[in-house]
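Peer 1: After the structure tokens below, expect a handful of questions from me.
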Amino acid sequence: MRLPRLLLAAPHSGAGKTTAALALLLALRDRGLKVQPFKVGPDYIDPTHLEGASGRRPYNLDGFFLDEEGLLALFRHGARGADLALVEGVMGLFDGKDPLGRVGSTAQVAALLRAPVVLVVDAGGMAGSIAPLALGFARHHPGVRVVGVIANRVGSERHAEILKEALAAHGLPLLGWLPKDPALELPERHLGLVLAGEAEPDWEALRTLPRLDLEGLLRLAQEAPPLPEAPPFLPEKAPPRLRVAYAWDRAFRFYYPEALELLEALGAELIPFSPLEDEALPQAEALLLGGGYPELFAERLSENGAMRSAVRAFPGPIVAECGGYMYLSEGLWVGERFFPMVGLAPGEARMADLPVLGYREVEALKDTPVARKGERLKGHEFHYARLPPSPSPAWRRVGGEEVEGWTDGRVLASFVHLYLPARPEAARRLLAQGGSGHFQK
């Protein structure tokens, strides 16, 4: 497989990878190129902005969820019809599940894709020191090829010249720079950036303020070597045989696109609905309640009693993740105010000051809509909410004794965002459960 590609990484979180990625996507798109964006790691938010800049659906590349063959298959699947692929990294280049960044890191994906790496450096308080910093990253791992630097938060043209000279002395080009300008700052909240559609980036600033060496970047992208062939990422598409309703509005929208595509390939007809605005569920045999920000819309969700009743009365299998778990609970506390929720899952959710986050491999303690007792699935957690210990936990964390979530066999409610493509059998089970009529009243 031959496809020009670049990977944007950084020494640490907050260096400006997303800003640089958006600026580069816009510049390449304005040149008439079809650029396919990818995001390393379990991220639902940054991809919404990458889609806005590229006009193409981004996909997540994660070495904890998928093995090498699976990652190559997903990369090939996502890049269909593209002229170039741009991969935005996660955290620092060598940050991952383990201290050496061997699993779940940007470096792991860069090595697998044989992608030239452009290091995005926050140069706001830096001059000549950019060279040893970038050089250390360039020499750290023989399988990760750092080909140049984009400097962020640069104070002036003269500052950029100093950075360029310092890097050139060690054979590293400055491939672009972004000025220190409030117009380039992306709005954030407690789980990261604000979703696209709620507060848009300043697209005009992202088009005009960055100074990018597009010719140099394109040349490096075209130097990426060919990749080995990979099997199809999805099975051959089956005809629709089951309706799956999934929550999709401002409060709930955290889904991996490749997971939804897997369900469709297996025969699901996906029907979106809004717990905020709709008063009734669509006709469906299974129900998905993804993650999101129910705490920001708690009053409206609570006021929509018709929808809460409809979800409570739904007879088929339900899978609720993170924000969906909070919605299924007895209620949600936001500060000192309590908002009743669906009431299917026991306990009241409260927001805490510190997040729970990390990769998870979990083992089913009971039969659920996506797993039989003893089966294992992969996912991740990132949330500030807490619920009391469950009287009927769904999962045990592999490698520990911690239990999590709630299930009665028909309903699975958990803070773990499952990655269904890592175990397609889980998606098949969900559709089989919905289509069996076993839970119909």
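Peer 1: Out of all the residues in the stretch 181-193, which are buried (at least 16 other Cβ atoms within 10 Å of the Cβ), at pLDDT 60 or above and in a loop (DSSP other than H, G, I, E, B)?
Peer 2: Within the stretch 181-193, Leu186 is the sole residue that qualifies.
Peer 1: Please find, among Gly124, Gly96, the residue that is open to solvent by 10 Å² or more (accessible area, probe 1.4 Å), modelled with pLDDT under 95 and in a loop (DSSP other than H, G, I, E, B).
Peer 2: Testing whether each residue is open to solvent by 10 Å² or more (accessible area, probe 1.4 Å), modelled with pLDDT under 95 and in a loop (DSSP other than H, G, I, E, B) leaves just Gly96.
Peer 1: If you go through the stretch 31-47 one residue at a time, do you hit one that is touching a Leu at 6+ places or on another chain (Cβ under 8 Å), among the hydrophobic types (A, V, I, L, M, F, W, C) and in a helix (DSSP H, G or I)?
Peer 2: Checking the stretch 31-47: not a single residue is touching a Leu at 6+ places or on another chain (Cβ under 8 Å), among the hydrophobic types (A, V, I, L, M, F, W, C) and in a helix (DSSP H, G or I).
Peer 1: Tell me the residue from Gly32, Gly14, Gly52 that is over 17 Å from the mean Cα position of the chain (by Cα), open to solvent by 30 Å² or more (accessible area, probe 1.4 Å) and of a type outside the set (D, E, K, R), please.
Peer 2: On inspection, the qualifying residue turns out to be Gly32.
Peer 1: Looking at (1) assigned to a loop (DSSP other than H, G, I, E, B); (2) in contact with a helix residue (DSSP H, G or I) (Cβ under 7 Å, 6 or more places away or on another chain), find the lone condition where Ala15 falls short.
Peer 2: Failed condition: (2).
Peer 1: Scan the stretch 144-166 and tell me whether some residue there is under 28 Å from the mean Cα position of the chain (by Cα), at pLDDT 95 or above and either assigned to a loop (DSSP other than H, G, I, E, B) or surrounded by fewer than 19 Cβ atoms within 10 Å (Cβ to Cβ) (or both).
Peer 2: Yes: the stretch 144-166 contains one or more residues that are under 28 Å from the mean Cα position of the chain (by Cα), at pLDDT 95 or above and either assigned to a loop (DSSP other than H, G, I, E, B) or surrounded by fewer than 19 Cβ atoms within 10 Å (Cβ to Cβ) (or both).
Peer 1: From Val356, Val319, Val398, Val370, which residue is surrounded by fewer than 16 Cβ atoms within 10 Å (Cβ to Cβ), touching a residue at least 40 places away in the same chain (Cβ under 8 Å) and within 25 Å of Asp62 (Cα to Cα)?
Peer 2: On inspection, the qualifying residue turns out to be Val356.
Peer 1: Go through the stretch 99-121 and give me each residue that's within 21 Å of Tyr419 (Cα to Cα), in a loop (DSSP other than H, G, I, E, B) and open to solvent by 40 Å² or more (accessible area, probe 1.4 Å).
Peer 2: Scanning the stretch 99-121 gives Arg102, Val103.
Peer 1: Give the stretch 82-91 a look and list any residue that's assigned to a loop (DSSP other than H, G, I, E, B) and buried (at least 21 other Cβ atoms within 10 Å of the Cβ), or say none.
Peer 2: Of everything in the stretch 82-91, those that are assigned to a loop (DSSP other than H, G, I, E, B) and buried (at least 21 other Cβ atoms within 10 Å of the Cβ) turn out to be Gly89, Val90, Met91.
The values are calculated or read from the model by the stated rules, or taken from the named source; none is laboratory data. Not measured: the values here are computed from a predicted model. Counting neighbours? That spans all protein chains shown, and the Cβs are built from the backbone with ideal geometry, glycine included. All accessible areas refer to the heavy atoms of the entire protein, side chains included, with ligands and DNA or RNA removed. Shrake-Rupley method; radii C 1.70, N 1.55, O 1.52, S 1.80 Å.
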